[in-house]
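S.K.: Here it is: the structure, laid out below.
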Amino acid sequence: DSSKSSVIDYGLKKEDKQHILQMDNVNNVTELRNSRKKVMKGTMRLDLKLVAGDLNFLNETRTKIIQGRGLTQIDEDKQASVCVIGKNVKRQLFNLGEKNVIGKDISIERDAFTIVGVAENASETNFEGIGSPNDMIIIPRKTADALWGDSLYVWEGRSPTIFKVDHDLLIVQVADIEYIDYTAKRIEAYLEKMHNQVKDWGMTVPLDLLRQREATQNVFTIVMSSIAGISLLVGGIGIMNIMLANVYERRKEIGTRRALGAQKRDILIQFLLETMFLTISGGMIGVLTGLGLTQAITYYVEWPVLYSLWSIVLALVISAIVGIVFGTYPAWQAANQNPIQVLRSE
């Protein structure tokens, strides 16, 4: 019968949190609960999550408030209908021109929440099954309990699915990171014992995430370095061809200078300096274009972009090196021109 509801009871319980809190080397346990509400924009469902978390959630995930304020104890005590939204939530729910959304309301199904802050997780932390804080609408836990109680109703058609889940996520803060493996094994042993019927939980140790991120970053670095290397090679060959053509067109000038007493070294240095000037000028144009694009991205998309002075200097140094490497052969060709033959041919 499609009108009957089904009850799904699984996941981490309140007793699990209390037991983990009593373990050695555990300082604090931060909880998060997914409301499983549909976040819509018109008729389109967005991949955003309405979640209820305690006040430590933003700090524990190193998520910073970039507009407005965070959730406070007063919000928690009053069970206020307020929320903090991630930066991607703001981008998807509001127009790009709306810079300040503090005080605006978000309607989700039959509930409405007032935005008090916008948050950003710079490291793009991603929790399995829940996502990133940048994609979350975060409300106080007591507000969620007052609205929905211990059961979450998700309507699909005429019948609801009732989820009895206390916690979708527990973040455990350890006192001493040297014993994090030991603490993780204790938590794992406890959960295996208490949830021995069905494994309805999973655990991720931050060290594993760090290693995985480093591996991903290494692959990304190799790919980007390969692309940059190929670009430099193609650009260098182009510069070399231009300078070879330049040497051919300026044979009379080279021959005249040699006839007037210029040494091969003088011609070599002249053409090397000209090549370096071309490549450094190209590098400066590239740097200015890059800075302009980053400012445009920051203004329109509100993505923070960081760059340092040493990276700009490094780009110009690499441009000069490309000029030296690929300009040496044309300069050598120019320096070895026979002034008598050149002037005779002209």
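S.K.: Given the DSSP H assignment, sum -39500 (n - 2.57) over each helix run of at least 4 residues in the chain and divide by its residue total; what's the result at 222 nm in deg cm²/dmol, nearest 500? List each step's numbers first, then the result.
M.R.: Details: 11 runs with 172 residues, N = 346.
Using -39500 (n - 2.57) per qualifying helix, the result is -16500 deg cm²/dmol.
S.K.: If you don't mind, another one. Amide H neighbours of residue 122 under 5 Å, at least 5 residues apart or on other chains, H built in the peptide plane: list them.
M.R.: For residue 122, the qualifying residues are 64.
S.K.: Hey, if you drop one equal point scatterer on each alpha-carbon of region 106-242 and run the Debye formula without solvent, what base-10 log of I(q)/I(0) do you get at q = 0.22 Å⁻¹?
M.R.: Scattering profile of region 106-242, log10 relative to I(0): -1.42.
S.K.: Ordered by residue, what ³J(HN,Hα) values in Hz, to whole numbers, does region 109-118 give under the Karplus form 6.51 cos²θ - 1.76 cosθ + 1.60, where θ = phi - 60° and Gly and Pro are x?
M.R.: 6, 9, 10, 10, 9, 8, 6, 10, x, 10
S.K.: While we're on this one: Once all Cα-Cα distances of the chain are split into 20 Å bins that start at 0, what whole-number percent is in each one?
M.R.: Bin by bin from 0 Å, the calculated values are 22, 37, 21, 15, 5, 0.
S.K.: Right, next: Taking the alpha-carbon set of region 252-346, what are its Rg and Dmax in Å?
M.R.: 20.0, 65
S.K.: Which whole-Hz couplings ³J(HN,Hα) result when phi for each residue of region 230-243 is put into the Karplus expression 6.51 cos²θ - 1.76 cosθ + 1.60, θ = phi - 60°, listed in order with x for Gly and Pro?
M.R.: Those phi angles translate into 5, 4, 5, 5, 5, x, x, 5, x, 4, 4, 5, 4, 5 Hz.
S.K.: Right, another one. Before I look further, what does region 112-172 give for accessible area per residue, probe 1.4 Å, in whole square angstrom? Kindly include the intermediate steps, with their values, before the conclusion.
M.R.: Working: 2380 Å² over 61 residues.
That works out to 39 Å² per residue.
S.K.: Return the sequence-ordered ³J(HN,Hα) values of region 165-173 in whole Hz as given by the Karplus equation 6.51 cos²θ - 1.76 cosθ + 1.60 applied to θ = phi - 60°, using x for Gly and Pro.
M.R.: Each residue of region 165-173 in turn: 10, 6, 9, 8, 8, 10, 9, 9, 9 Hz.
S.K.: Determine the shape class of region 26-75: with a ≥ b ≥ c the square roots of the Cα gyration tensor eigenvalues, call it rounded for a/c under 1.5, and otherwise prolate if a/b is greater than b/c, oblate otherwise. Please list the in-between numbers first.
M.R.: Numbers: a/c = 2.38, a/b = 1.71, b/c = 1.40.
It is prolate, given that a/c is not under 1.5 and a/b is the larger ratio.
S.K.: Amide H neighbours of residue 170 under 5 Å, counting only residues 5+ apart in sequence or on other chains, H built in-plane at 1.01 Å?
M.R.: Distant-sequence amide H within range of residue 170: zero hits.
S.K.: Counting alpha carbon pairs within less than 8 Å and at least 6 residues apart, what relative contact order, in whole percent, applies to the chain?
M.R.: Details: 465 pairs, mean separation 67.5, N = 346.
It comes to 20 percent, rounded to a whole number.
S.K.: Quick one: pull the percent of accessible area on the chain belonging to carbon and sulfur, 1.4 Å probe, ligands and nucleic acids left out. Could the numbers behind the result be given before it?
M.R.: On the way: 12050 of 20720 Å².
Reported share for carbon and sulfur atoms: 58 percent.
S.K.: Residues with amide H under 5 Å of residue 67's amide H, sequence separation 5 or more or different chain, H placed in the peptide plane at 1.01 Å from N; which?
M.R.: 118
S.K.: May I ask you to give the solvent-accessible area per residue for region 257-343, in square angstrom, as obtained with a 1.4 angstrom probe? If you can, show how the numbers build up before the last one.
M.R.: Working: 5630 Å² over 87 residues.
For region 257-343, the solvent-accessible area averages 65 Å² per residue.
S.K.: Would you mind finding the longest exposed-site-free stretch of the chain, with exposed chymotrypsin sites (Phe, Trp or Tyr not before Pro) meaning DSSP loop and at most 15 other Cβ atoms within 10 Å?
M.R.: Of all site-free stretches, the longest is 11-306.
S.K.: With a 1.4 Å probe and all protein chains left in place, how much accessible area per residue does region 1-95 have, in Å²? Please report the intermediate quantities before stating the final value.
M.R.: On the way: 5080 Å² over 95 residues.
Solvent-accessible surface per residue comes out at 53 Å².
The values are calculated or read from the model by the stated rules, or taken from the named source; none is laboratory data. Since this is a predicted model, take the numbers as computed values, not measurements. Quick reminder, even Gly has a Cβ in these numbers, built from the backbone with ideal geometry, and neighbours come from all protein chains shown. Quick note on the areas: whole protein, heavy atoms, side chains included, nothing else; ligands and nucleic acids left out. Shrake-Rupley method; radii C 1.70, N 1.55, O 1.52, S 1.80 Å.
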